Amino acid sequence: MNDLLLRNALVHDPSTSTSREAHVAIDAGTIVSLDASDTTPARHVLDVEGAHVLPGLIDLHTHYYRWSTPLGYDPRRYSFRDGVTTIVDAGSAGALTLPGLVQTARGIGRGNLFAFVNLSTIGIIHNEVGELHDLRTADIDLLAEAIEENRDFVVGIKLRLSRWVNGEDPGNAREALRRALAAGERTGVPLMVHVFDPSLALIEILDALRPGDIVTHVFSRSRESVVASQENWDALLRARARGVVLDVGCGRGGLDFSVGREAIARGLYPDTISSDLTEVTADGPVFGLTATMSKMLAIGMPFEEVLRAVTINPATVLRRPELAELREGAVANLAVLAVERGSYEFEQLQFLEQVVETVTHDQSVRALATVLEGRVVVGDARLSTQEA
């Protein structure tokens, strides 16, 4: 007898771009069968007819460090209720505060938890005080040491290039970028660059990035955007051609609907969709990763591309393709999603202007259940559950 059976699932394997109807049998935390004719009994049976079952979602940009930063949220209250089984903190901790984030992850005790470590040794400690106004905090020796000591946890370096983080002087931002790239070369990890309202020209940032580096908030709009000029757009295409990863990083102002819609209309989809979830946005307007997926659907991104952007694509960025596997023998980390039909309104705050932008759509993605290491940690009351 198996532990769990998900019956009548529409199973998606983004790693092979295939989907089929099947029962998903799980035992001892592992997928043991993907077979529509499997009649092996199970202790718990969940009828998910009409729902999409795919590898547990990966949120590449969040802030779950709760005790050193005002941004930190509890994944057990939000992400694990949203189909997410892999969560990456994007720069909340620097080299000096990273031990606390490691302890936070251990305390959560489940899921796949990783982090980009901030270029600044102090990380993000205050919403109104940027961590890189004084570049004495950008100590790449301490950064490299922290990465070496936490190779199983640290997946890259985070650099926030915003005026409120490193000031109005483009020279300061340029030096911060130089140090971050040098640290990435030294340690062999990618750099995630936040490009919301930078003091340095967007073209200069994009042209400096290496294959595997990540631009987050790629569809943001501040004093400029990737679609604001042909020169910016060409720089974005050059970066993409080199292998630079384009990440949504929704957040309060990280996704501008008009910028994203224009880029998608030109045929460019982001590689990864992330929420940039924090304690102050978890109850709106961000809500979580499935809400961000819904927003991307609403501005024209195809459903299959959306699924890849929260599974196989971020798994590839993390250099852990097994996180997006859905096959017999794989760890049973799964998302059970419904695509609901109706009339839905999605809001997004334009941060600098403090204006709410609204988009409506006839579809909304919602997590019905999350299977974490073989256990249903969240279920929807409408799902039919049977116990043997």
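Every number in this text was worked out from the coordinates using simple rules, so none of it is lab data. Keep in mind that what you see is a predicted model, and the values were worked out from it rather than measured. Glycine gets a Cβ as well: all are built from the backbone with ideal geometry, and neighbour counts include every protein chain shown.
In table form, for the structure just shown:
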{"read-out": "Selection of trypsin sites (Lys or Arg not before Pro), segment 85-136, meeting DSSP coil and at most 15 other Cβ within 10 Å", "value": "ARG110"}
{"read-out": "Inter-part distance where segment 41-70 and segment 170-197 are each reduced to a Cα centre, Å", "value": "31"}
{"read-out": "Dipole magnitude (debye, nearest 20) for segment 172-212, charges at Cβ of Lys, Arg, Asp, Glu", "value": "180"}
{"read-out": "Descending principal axes extents, segment 143-269, alpha-carbon based, whole Å", "value": "43, 30, 26"}
{"read-out": "J(HN,Hα) series, segment 320-333, from Karplus relation 6.51 cos²θ - 1.76 cosθ + 1.60, nearest Hz, glycine and proline x", "value": "9, x, 5, 5, 10, 8, 10, 8, 4, x, 7, 4, 7, 9"}
{"read-out": "Projected area, mean over directions - segment 80-204, Cα convex hull, nm²", "value": "8.0"}
{"read-out": "Sequence-separation-based contact order of the chain, relative, with Cα cut under 8 Å and 6+ spacing, percent", "value": "20"}
{"read-out": "Nonlocal amide H pairs with VAL378, under 5 Å, H built at 1.01 Å", "value": "THR370"}
{"read-out": "Estimated inter-spin distance, MET1 and ARG319, nm [label 7 Å along Cα→Cβ]", "value": "4.5"}
{"read-out": "Normalised convex hull volume, segment 234-314, alpha-carbon set, Å³ per residue", "value": "92"}
{"read-out": "Along the chain, longest interval not containing exposed GluC sites (Glu not before Pro), exposed being DSSP loop plus at most 14 other Cβ atoms within 10 Å", "value": "169-327"}
{"read-out": "Extent along principal axes [Cα atoms of the chain; Å; largest to smallest]", "value": "66, 44, 35"}
{"read-out": "Gained length - VAL378 relative to HIS361, 0.36 nm times residue gap less alpha-carbon distance", "value": "3.5 nm"}
{"read-out": "Net length gained if the chain between VAL339 and THR39 were fully extended (0.36 nm per residue, minus Cα distance)", "value": "105.2 nm"}
{"read-out": "Label-zone membership for segment 192-224, site SER258, 7 angstrom Cα→C-beta point, backbone N under 16 Å", "value": "219-224"}
{"read-out": "Whole-Hz couplings from phi, Karplus 6.51/-1.76/1.60, listed for segment 220-234; x for Gly and Pro", "value": "7, 9, 10, 6, 8, 8, 5, 10, 6, 8, 5, 5, 5, 4, 5"}
{"read-out": "Chymotrypsin sites (Phe, Trp or Tyr not before Pro) restricted to segment 1-106 and DSSP loop, no more than 16 other C-beta within 10 Å", "value": "TRP67"}
{"read-out": "Pairwise FRET efficiency - GLU304 versus ARG110, Cβ, R0 = 45 Å, nearest 0.05", "value": "0.95"}
{"read-out": "Inter-probe distance in nm under a simple model that places probes 7 Å from Cα toward Cβ, at ARG20 and ARG151", "value": "3.8"}
{"read-out": "37 °C / 0.692 mPa s Stokes-Einstein diffusion coefficient of segment 315-367, Kirkwood radius on C-alpha pairs, µm²/s", "value": "225"}
{"read-out": "Per-residue ³J(HN,Hα) for segment 301-312, Karplus 6.51 cos²θ - 1.76 cosθ + 1.60, θ = phi - 60°, Hz, x for Gly and Pro", "value": "7, x, 4, 5, 5, 4, 4, 5, 6, 10, 9, 5"}
{"read-out": "Segment ARG186-VAL129, extension gain: residue separation times 0.36 nm, minus the distance between their alpha carbons", "value": "17.7 nm"}
